[in-house]
Amino acid sequence: MVETPSVMIPLGTQAPDFYLPDTISGKTSSLDELKSDRVTVIMFICNHCPYVKHILTELVELANDYIQKGTAFIAISSNDVNNYPDDSPEKMKELAERLEFPFPYLYDETQEVARAYNAACTPDFYIFDGWMKLAYRGQFDDSRPNSGIPVTGQDIRSALERVLAGEPVDQHQKPSMGCNIKWKNG
């Protein structure tokens, strides 16, 4: 595991489109089909990363809270499953069902979507407004595995509240920190 920060792409960046299979439903969907006209959270996660495991329960709770307010959540795993079989689509579906993900868990087999978003780590969070312009990119909160800091989702919650209220998000945003995306060789 290599601790890797997210790449802080410019705020206002337009969300790259994609068309990916959902490991839960088996249906392939585009960003246009899954997004919200209010706010959309796109997050790169995986099954095996301890940083993701550390926040998953709170992430599901946060998503359940904000889906009620018109927010769309989309989880994507882009890891190389040949070298990281715990991140396979079958295992993704098992995890999503066990934790009752209220959002799709998409599989980016070609890793093209992770590259389009400049995703670097898991978890990596992007919040887009109703025009699919980037309003926030960065950490879930200050908690990390073994840090002793409670997992609250404070940074994501604050950004979501601002976007939902039609207000600008504070531009001082902390990068997420996690395991590097497991890129395929060649």
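Does any residue of region 127-138 turn out to be farther than 23 Å from Asp37 by Cα and at pLDDT 95 or above?
The answer is no; no qualifying residue exists.
Across region 149-175, what is the total count of residues that are under 23 Å from Cys49 (Cβ atoms) and of a type in the set (A, V, I, L, M)? Quick ask: steps written out before the conclusion?
Residues of region 149-175 under 23 Å from Cys49 (Cβ atoms): 149-157, 159-160, 173-175.
If we keep only those that are of a type in the set (A, V, I, L, M) too, we end up with 149, 151, 156, 159-160.
Residues flagged as under 23 Å from Cys49 (Cβ atoms) and of a type in the set (A, V, I, L, M) within region 149-175 amount to 5.
Answer yes or no: is there a residue in region 124-132 that is surrounded by 15 or more Cβ atoms within 10 Å (Cβ to Cβ), part of a loop (DSSP other than H, G, I, E, B) and touching a helix residue (DSSP H, G or I) at 6+ places or on another chain (Cβ under 9 Å).
Yes, some residue in region 124-132 is surrounded by 15 or more Cβ atoms within 10 Å (Cβ to Cβ), part of a loop (DSSP other than H, G, I, E, B) and touching a helix residue (DSSP H, G or I) at 6+ places or on another chain (Cβ under 9 Å).
Can you pull out the residues in region 63-103 that are in a helix (DSSP H, G or I) and either among the polar types (S, T, N, Q) or at positive phi (or both)?
Asn64
Do we find a residue being among the charged types (D, E, K, R), at pLDDT 95 or above and more than 22 Å from Asn180 (Cα to Cα) anywhere in region 39-59?
Within region 39-59, not a single residue is among the charged types (D, E, K, R), at pLDDT 95 or above and more than 22 Å from Asn180 (Cα to Cα).
Using the structure shown, decide if Asn146 is surrounded by 14 or more Cβ atoms within 10 Å (Cβ to Cβ), within 23 Å of Lys53 (Cβ to Cβ) and over 12 Å from the mean Cα position of the chain (by Cα).
Criteria not met by Asn146.
When residues of region 150-186 are filtered for being of a type outside the set (A, V, I, L, M, F, W, C) and under 18 Å from the mean Cα position of the chain (by Cα), how many remain?
Looking only at that region, the number is 14.
What are the residue pairs meeting all of these: first residue in region 5-30, first residue within 25 Å of Cys179 (Cβ to Cβ), second residue of a type in the set (Ser, Thr, Tyr) and surrounded by fewer than 16 Cβ atoms within 10 Å (Cβ to Cβ), Cβ atoms under 8 Å, and 6 or more apart or on different chains?
Here the result reads Phe18/Ser30; Leu20/Thr28; Pro21/Thr28; Asp22/Thr28, each pair linking region 5-30 to a residue that is of a type in the set (Ser, Thr, Tyr) and surrounded by fewer than 16 Cβ atoms within 10 Å (Cβ to Cβ).
Kindly provide the set of residues from region 66-125 that are in contact with a Leu (Cβ under 7 Å, 6 or more places away or on another chain) and charged (D, E, K, R), ordered by number.
The answer is Lys69, Asp108.
The values are calculated or read from the model by the stated rules, or taken from the named source; none is laboratory data. None of the values given here were measured: they were computed from a predicted structure. Cβ: placed from backbone, ideal geometry, glycine included. Neighbour counts: every protein chain shown.
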